[in-house]
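Reading through the structure tokens given below for one structure.
The values are calculated or read from the model by the stated rules, or taken from the named source; none is laboratory data. Since the structure is predicted, the reported quantities are computational estimates derived from the model, not experimental observations. When we count neighbours, we look across all protein chains shown, and the Cβ atoms used for this are built from the backbone with ideal geometry, even at glycine. Accessible surface areas use protein heavy atoms only, side chains included; no ligands, DNA or RNA. Shrake-Rupley method; radii C 1.70, N 1.55, O 1.52, S 1.80 Å.
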Amino acid sequence: MIGTVLCYVLLPAARLLQALRDAFFTCRKNVLLAKSPSTQIEGVFAATRGRSAPEEQEALLQQWLEEGVENLPASESVPAVRKVSVTLTSDWLEGSELLMTSLSDLNTSPEVTRCADQQLSELNALAPSELQDHAVAELARLPAEETVTVGGSAPWAAEVPQTDHQTAGCAGINVEVLNDDPAVLAWSLACDAETVPPVLPAQPIQDAVPFYPVPTEVPYHEILWRDWEDLSVQPCVLEQVSKNSPLFEFRVMSYNILAQDLVEQGLDLYVHCHPDILNWNYRLPNLLQEIQHWDPDVLCLQEVQENHYWEQLEPTFKEMGFACFYKRRTGTKTDGCAVCYKHNRFQLISLSPVEYFRPGLDVLNRDNVGLVLLLQPVLPEGLGLKAVSPLCVANTHVLFNPRRGDIKLAQVALLLAEIDKIARTAEGSYYPVILCGDLNSVPDSPLYKFIRNGELSYHGMPAWKVVSGQEDFSQQLYSRKLLAPLWPSSLGVTDKCQYVTLCQPKKPGRRAYSRDFLLQFRFCDVACERPPQLVLLEGVTDAKPVASAREHSAMTAVPKFSFLAWCSGVIQHGLNLTSVYSHFLPQRGRPEVTTMPMGLGATVDYIFYSAEPVESKAGECRRLYKDGALKLLGRLSLLSEDVLLMANGLPNHFCSSDHLCLLASFGLEISSL
């Protein structure tokens with residue numbers, strides 16, 4: 001730190017200010033990128049950074065190297081040091097609000113101490129005595145290391161992270177150690193050995209310290225910058241606007257926030273991460289800051305640790321205006337799912353927790369859970385006699401095991417049956433539905449196609465293929481295959497993912513078996529067989545009853561719950577769900593990614609919403625949709641695998657979960673009463 005400031009003392013004041021602007025421009029931009037819209041940032045920095053191009057800066061540096069510092073006036077160096085102090089203090093304190101971590105390791109690093117001492121000794125030998133005395137006097141006025149305490153974390157000293165051009169004069173510094181420190185990685189991406197810019201050849205300049213150009217750095221927020229995609233220009237939305245029909249607009253976020261217990265149980269999955277960024281005290285402020293920044297009206301969280309929810313998350317969310325509901329996984333698991341909504345935007349109609357564990361059923365023997373809520377939107381005052389449809393919101397986190405597709409399919413079917421019960425209207429239709437969650441299934445998996453297309457023929461399908469598609473077990477000789485029926489009839493769920501008690505009307509009367517019910521069996525094969533002990537009387541006991549045409553048609557009518565269809569290995573649902581995301585980035589030619597397990601990008605998190613099916617062409621298996629009463633207005637773009645690899649995967653210093661958050665904006669039609 002001292003060597004860096006002494007290096008800047010040797011520069012003329014005008015060039016020193018330009019160098020300082022360029023050196024701290026990236027830091028200031030990183031801070032503002034986390035807090036401001038991109039248009040506002042560009043306006044600010046267009047006026048403050050200056051107009052000099054990189055070629056002009058390099059020519060200016062070369063000119064300084066040729067001229068040396070022989071003509072440096074003493075009057076110019078005096079105010080320069082004070083400007084250094086002001087710049088270092090103001091800019092770094094602003095950056096500390098974003099870091100939210102401890103820099104004690106960097107301050108106490110022996111490599112940094114040796115580097116500062118070595119630079120100071122070199123300056124003592126090279127600098128003129130007058131400049132040296134003046135610099136020491138000015139540095140004595142600089143404040144000592146400032147201690148800042150953030151959110152209960154350990155106090156840390158505010159100090160500028162060492163970049164390549166600041167440590168270039170130190171031959172013994174260990175750059176890799178610094179790059180592994182979160183303080184350094186928080187501001188710039190560590191450059192590979194192949195991308196390090198070439199060092200300018202040293203020139204024998206009298207009374208000057210060798211100076212190297214600033215390496216090209218890519219700020220983290222520019223790497224991980226996610227654009228907001230405005231979809232309100234779609235024809236269906238424009239048609240709604242043209243009719244002057246108002247929309248109830250709201251935002252929904254789905255986020256797997258990575259339970260801390262799961263981090264500690266699977267540290268081998270996060271060997272690429274610095275230990276500090278896996279600490280819950282570091283991750284919690286980042287997660288809360290991200291949620292508060294995007295300001296959703298409905299928040300669906302997965303992997304929410306129970307003690308963290310009750311002690312930290314729920315109190316904080318209530319202060320942010322949320323009403324919260326939580327369901328912990330069954331058994332000994334310590335995490336679960338949570339659904340929160342702004343109480344000034346929605347009112348709760350009904351709540352239904354879903355437990356997928358069923359004792360005695362091998363297909364439902366895991367502890368995953370879900371939540372299904374029916375919410376009534378709260379219309380603003382002044383709209384008169386207006387009404388808006390209730391909204392059904394579901395959140396779940398299904399099994400991860402890639403080998404047990406039968407369990408995952410049964411869990412999803414059980415959740416869809418609960419949604420069918422909550423979202424069904426008295427007329428038999430459905431309220432708009434939004435389904436969020438971590439399904440541990442990729443977009444081309446049969447499970448995803450079942451949710452989107454409404455039908456799946458699973459009989460004889462390998463169990464691994466139904467699950468996530470993250471692993472391929474096709475080379476195994478004896479792979480587990482799904483057989484029909486997938487679950488027993490005792491579960492009470494039909495092949496259409498509906499509860500039996502809801503899809504069959506109740507018959508009035510006290511008797512369990514009415515006369516009409518018993519008469520249905522008088523023509524069955526068992527009833528038509530003559531008992532062996534019955535005496536055969538010609539014309540009396542040898543005759544078989546024959547059903548009339550009317551009775552035959554009534555007997556062969558297919559009931560609503562068809563046992564034959566249920567045993568055929570085909571399951572269906574009628575919710576008409578489609579995905580918010582397209583799962584492909586056309587501008588990059590790569591698939592979207594929501595998580596990075598073991599450094600491999602995959603999409604396993606989704607937001608599905610109700611839409612109206614469009615009649616497709618003959619032979620087309622993919623169902624097409626258009627917006628209905630619930631309209632998709634916008635979404636937060638996802639990233640590709642190569643972009644996340646540039647940021648060292650997930651989690652990293654700015655994304656404190658191993659999943660990316662999903663965010664979408666919707667509009668509900670407001671109708672007159």
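Condition check: open to solvent by less than 10 Å² (accessible area, probe 1.4 Å) and in contact with a strand residue (DSSP E or B) (Cβ under 8 Å, 6 or more places away or on another chain). Does V263 satisfy that?
On the way: open to solvent by less than 10 Å² (accessible area, probe 1.4 Å): yes; in contact with a strand residue (DSSP E or B) (Cβ under 8 Å, 6 or more places away or on another chain): no.
It is false that V263 is open to solvent by less than 10 Å² (accessible area, probe 1.4 Å) and in contact with a strand residue (DSSP E or B) (Cβ under 8 Å, 6 or more places away or on another chain).
Taking the range 625-647, which residues are part of a loop (DSSP other than H, G, I, E, B) and closer than 24 Å to G589 by Cα?
S637, L638, S640, A647
Does L371 satisfy the criteria of being open to solvent by less than 70 Å² (accessible area, probe 1.4 Å), at negative phi and of a type in the set (A, V, I, L, M, F, W, C)?
Details: open to solvent by less than 70 Å² (accessible area, probe 1.4 Å): yes; at negative phi: yes; of a type in the set (A, V, I, L, M, F, W, C): yes.
The answer is yes for L371.
Name the residue that is most open to solvent (accessible area, probe 1.4 Å), counting only residues in the range 288-311 that are in contact with a Leu (Cβ under 9 Å, 6 or more places away or on another chain) and hydrophobic (A, V, I, L, M, F, W, C).
W294
Would you call L650 out of contact with any Lys or Arg (no Cβ under 8 Å at 6 or more places or on another chain) and part of a loop (DSSP other than H, G, I, E, B)?
Details: out of contact with any Lys or Arg (no Cβ under 8 Å at 6 or more places or on another chain): yes; part of a loop (DSSP other than H, G, I, E, B): yes.
Spelling it out, L650 is indeed out of contact with any Lys or Arg (no Cβ under 8 Å at 6 or more places or on another chain) and part of a loop (DSSP other than H, G, I, E, B).
Open to solvent by less than 60 Å² (accessible area, probe 1.4 Å), touching a residue at least 40 places away in the same chain (Cβ under 8 Å), touching a Cys at 6+ places or on another chain (Cβ under 6 Å) and among the aliphatic types (A, V, I, L, M): is that true of I422 in this structure?
Details: open to solvent by less than 60 Å² (accessible area, probe 1.4 Å): yes; touching a residue at least 40 places away in the same chain (Cβ under 8 Å): yes; touching a Cys at 6+ places or on another chain (Cβ under 6 Å): yes; among the aliphatic types (A, V, I, L, M): yes.
It is true that I422 is open to solvent by less than 60 Å² (accessible area, probe 1.4 Å), touching a residue at least 40 places away in the same chain (Cβ under 8 Å), touching a Cys at 6+ places or on another chain (Cβ under 6 Å) and among the aliphatic types (A, V, I, L, M).
Hand me the list of strands (runs of 3 or more DSSP E) wholly inside the range 227-325 holding 1 or more residues that are over 20 Å from the mean Cα position of the chain (by Cα) and of a type outside the set (F, W, Y).
Numbers: elements: 228-230, 247-256, 298-305.
Output list reads 247-256.
Yes/no matrix, rows are residues, columns are (1) surrounded by 10 or more Cβ atoms within 10 Å (Cβ to Cβ); (2) of a type outside the set (S, T, N, Q); (3) at pLDDT 90 or above:
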position	(1), (2), (3)
T494	yes, no, yes
A527	yes, yes, no
T556	no, no, no
K560	yes, yes, no
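Would you check which residues across the range 326-361 are in a loop (DSSP other than H, G, I, E, B) and under 21 Å from Y282 (Cα atoms) and list them? Write out each step before concluding.
Initially, the range 326-361 is screened for residues in a loop (DSSP other than H, G, I, E, B), giving 329-334, 343-345, 356-361.
T334, the sole residue that qualifies.
Within the range 605-628, track down each residue that is touching a Pro at 6+ places or on another chain (Cβ under 9 Å) and not hydroxyl-bearing (S, T, Y). Talk me through it step by step, then tell me what you get.
Of the range 605-628, the ones touching a Pro at 6+ places or on another chain (Cβ under 9 Å) are 606, 609-610, 623-626, 628.
Passing the criteria: R623, L624, K626, G628.
Against the conditions (1) in contact (Cβ under 8 Å) with a residue 40 or more places away in the chain; (2) open to solvent by 30 Å² or more (accessible area, probe 1.4 Å); (3) not in a helix (DSSP H, G or I), where does Q587 fall short? Just the number, please.
Q587 satisfies every listed condition except (1).
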